[in-house]
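Sharing a structure here in structure tokens format.
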Amino acid sequence: MLFLLFRILGAGVGVVITQSIGGGHLQVADRVTRAVLGASTWIGVISALGAAFGATALFRLMNAPAEILPLGTLFLACLAPALLLDAWIATLTGVLRARLFNRPVLAVVVAMNLFQLALAWPFMFGAAGIDGIGLPGYALAQGLARLAALAALLWLAQARLKFHARLGDW
């Protein structure tokens, strides 16, 4: 559900940036980008911490069977860092789409999902004589794929928009 929330926020930032650009206020669009990048950091960190440390409570709230609590809480704790990465990805995709870079953004998102699928199977079930680690392997695959996508989106933002995220932006 949090992944969906990040997509909605990313779409919202796209609307604000599009309006700023349409009004000829490019500096405002850049300031909005930096502000939303900072806000997505806070939202992502809070979500990740909530998922990591509140996993058991969340599963109990959902009346999950006791048998799945150990595996479910481990999975959610391993998936937590991907929430922060996803918050940043949603922000950057919204910013880039607002600036009409739809094709490269789509290519990054498709590549991210394909990379995740390619990593998930061996991490979960094992390959080449290396044992799999089950559901945490899926979370690891998701995190690595999102890290690669974030790097690609930051490169796109720098190459196409001349936007360089500074430490204070995060």
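The values are calculated or read from the model by the stated rules, or taken from the named source; none is laboratory data. Quick caveat, the model's predicted, so the values are computed rather than measured. In this analysis, Cβ positions are derived from the backbone assuming ideal geometry, glycine residues included, and neighbour counts consider all displayed protein chains. Side chains are part of the model used for accessible areas, which takes the heavy atoms of the whole protein and leaves out ligands, DNA and RNA. Shrake-Rupley method; radii C 1.70, N 1.55, O 1.52, S 1.80 Å.
Kindly provide the helix-only [θ] at 222 nm of the chain, computed as the sum of -39,500 (n - 2.57) over DSSP H runs of four or more divided by all residues, to the nearest 500 deg cm²/dmol?
My calculation for the chain gives -28000 deg cm²/dmol from helical runs alone.
Which value, in debye to the nearest 20, gives the size of the charge dipole of the chain about its Cα centre, when Lys and Arg are +1 and Asp and Glu are -1 at the Cβ?
My answer is approximately 640 debye.
Something else now. Going toward the positive end of the dipole of segment 1-156, with +1 on Lys and Arg Cβ and -1 on Asp and Glu Cβ, which of Leu100, Ala90, Leu79 do you reach last?
Among Leu100, Ala90, Leu79, the one farthest towards the positive end of the dipole of segment 1-156 is Leu100.
Still on this structure, please answer the following. Please give the helix 69-98 orientation as an angle from the longest Cα principal axis of the chain, in degrees from 0 to 90, rounded to the nearest 10.
Between the helix axis and the principal axis of the chain, the angle is about 10 degrees.
Among Asn113, Leu144, Gln158, whose Cα lies farthest out toward the positive end of the dipole of segment 82-170, if unit charges sit on the beta carbon of Lys, Arg (+1) and Asp, Glu (-1)?
Checking the options against the dipole of segment 82-170, the answer is Gln158.
How compact is the chain by the rule of thumb for globular proteins, expressed as Cα Rg over 2.2 N^0.38 Å?
1.14
What residues qualify as long-range amide H neighbours of Gly126, i.e. H under 5 Å apart, gap of 5 or more or another chain, H built at 1.01 Å from N?
Excluding prolines and chain starts, which carry no amide H, the hits are Gly132, Ile133.
Rounded to two decimal places and with Rh computed the Kirkwood way over Cα pairs, what is Rg over Rh for segment 70-136?
Value, to two decimals: 1.11.
To continue, here is another question. Averaging sequence separations of C-alpha pairs under 8 Å and six or more residues apart, then dividing by the length of segment 47-119, give the relative contact order as a whole percent.
That works out to 32 percent.
While we're on this one: Provide the per residue accessible area, probe 1.4 Å, for segment 78-158, rounded to a whole number of square angstrom.
So segment 78-158 comes to 47 Å² accessible per residue, rounded to a whole number.
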